[in-house]
Each structure stands twice: as structure tokens, then as C-alpha cells.
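Asker: Before anything else, here's the structure in question.
Quick note: the coordinates plus some simple rules give every number you see, no bench work behind them. As the structure is a computational prediction, the values presented were derived from the model and not from experiment. Glycine also receives a Cβ, built like all others from the backbone with ideal geometry; neighbour counts cover every protein chain displayed.
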């Protein structure tokens, strides 16, 4: 049984977004702006902490994540049907590639651009019943599946040097680590297995030291794991469904956290579905830009 320390600061609401299923949070350091999505109420949000302003762009279908391109107004979005270029000014979407055209019961869930400039993402069974999900790598030319047989995928995220990829089998409560070498992804090994009472591992982020910050769906917290997989610190979050996190702010020391309100009565749990922030004693890494 792990006994991590409890972080003394409490995350506070910065965007009262009331997302049905908030996810896909990342920081664009070029314009000091936070991006996140609502999967079930399909939309992409932008938040500018310096002014307190936020904007919501409706999406044409469920969207699991967005990643940066060379144009801050254009992202690559992981829509239910496939990857697409999505214009945050107009809402126009141009399909790039569909990883699983013969699996209409699946959707793209979470994704991340590695230090190599390639996009790593997962698919999942939309009703969360059948192990039809898989993890993929897309470099703009070649689409490669590197792990499958999963009901709900989350992550992936990369170590600072890009040599390790972390990816989550949420339903089974397991976070896997994969060795990466010049675009080749190795076989999975268990990095962390969630203990009873922790909820389920969801989205995650990696700081500059290679510590992995994992969100607990149904666990009201984030746990920081060492590169050896030891639970080192817990950050309590004042709502149950904690979905994803990223480091942002000018110094990348603010941890931004998305949550979900799905299945929660807003009169009973008014804190669900919002975006939170807490200052940390460490800093994260800049989001990589997709090169494909």
C-alpha cells in the first residue's frame, strides 16, 4: 500500500465551464493560452489567464483532444471519426485520416505530440463495454498501431527525452510504459497498477524531471508518480471525475486540471465539470507542435 504525501494547496476554479466531459487540456506557450475540449458537449475552449477571457467553439462531432500546429488558430483535433485540421476561428474541419473506419462504435479519445513531432493517440469503445480500443502513432505519412485490446484508452504522454511513452488502460487500472526509439514503439510493461479505492487512471502529464502526474477518474485527486512508478504525492481535487492535467502559465508552474460533470447533479456537486488550477513546486514542459 502506497502512502504519498498530500499537497497542501487546493486547486481553484479558473473556468466555470461546466463541461459534460472536460478533457484534452494543453498550454500554448506562444500565445499564453490554455486549450481544452468537452467531448460529450462537443466543443473546443480557449482560456487566456492574463485577461480572464475564455471562448468556446462548437465542434462538429465528439472531440477527444486537440494538439498544436505551426498556426495557433489551427489545431489537429481527434474527432470521433478521425483526425482533422480544425480552425478555431471558423469551426471549419478538414479530415486528415481515419484510423478505424470499420469500427463505428469506437471514437478517438486522448492524444499527445511527442518530442519527435509525431502524434500519439488512443481510440476506445464509445459505450465503454468492448475491448476494441487501440493506441496509434501518426507522423503525417504513416499510421501505426502499437497496442490494442483496450476498452478505454487514455494518455499517451512522453518522458522529457522522448525515450518512454506512457499510455493508460483505464478500465483495467493499468498505466503502461513503452520504450521508444526513432519512431518505433516497443512492447508494453506495467508502470503503475492502480490500487483499490483509487478510482481509475485517466489523463496525465509529465514534468521536467520525468515525474508522471495522473488524474483519478472517480478518485477526486491527481497523483504524482516518480519515474520508477512510486506514488510520491497526491493533489486533492474538489470533485470526483478528474480527467486530465497540464502545466501552463509563463513559467509552466501552474497545473491546469479538467473535470467532468457527467452523471452528477449540479445541485449536489456544483464543482463538477470546471477547469481548475493550482500552483506547483515544479514546472512542466512546453507542448510539442505536430510536424506532420
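Asker: Taking only the alpha carbons of segment 163-209, what extent do you get along each of the three principal axes, in Å, biggest first?
Answerer: So the three principal-axis extents are 38, 24, 13 Å.
Asker: What's the Cα-based Rg to Rh of segment 1-92, Rh via Kirkwood?
Answerer: With Rg and the Kirkwood Rh in hand, the quotient comes to 1.05.
Asker: Oh, and also: Two decimals is fine: what's Rg over Rh for segment 87-188, C-alpha atoms, Kirkwood radius as Rh?
Answerer: Rg/Rh for segment 87-188 comes to 0.98.
Asker: Another question, then. Equivalent-ellipsoid semi-axes (√(5λ), Cα gyration tensor) for segment 26-149, whole Å, largest first?
Answerer: Ellipsoid half-lengths, sorted descending, are 25, 16, 13 Å.
Asker: Same structure again: Of all the Cα-Cα pairs you can form in segment 178-292, what percent are over 25 Å apart?
Answerer: 28 percent
Asker: For a quick check: sort 108, 262 by the number of other beta carbons within 10 angstrom, fewest at the front.
Answerer: Going from least to most buried by this count: 262, 108.
Asker: Gap in Å between the Cα centre of segment 150-193 and the Cα centre of segment 268-292?
Answerer: Centre-to-centre (Cα) distance: 20 Å.
Asker: When N counts the residues of segment 253-292, how does its alpha-carbon radius of gyration compare numerically with 2.2 N^0.38 Å, as a ratio?
Answerer: Here the answer is 1.68, to two decimals.
Asker: Same structure, new question: So what is the diffusion coefficient of segment 231-270 in µm² per second by Stokes-Einstein at 4 °C and 1.567 mPa s, using a Kirkwood Rh over Cα pairs?
Answerer: 108 µm²/s
Asker: Let me ask something else. Determine, for each peptide in 206-219, 132-145, the mean count of other beta carbons within 10 angstrom over its residues, then list the peptides with the highest first.
Answerer: 206-219, 132-145
Asker: Relative contact order for the chain using alpha-carbon pairs under 8 Å, separation at least 6, rounded to a whole percent?
Answerer: 19 percent
Asker: Once the principal axes of the Cα atoms of segment 5-279 are found, what is the range along each, listed largest first in whole angstroms?
Answerer: 44, 44, 37
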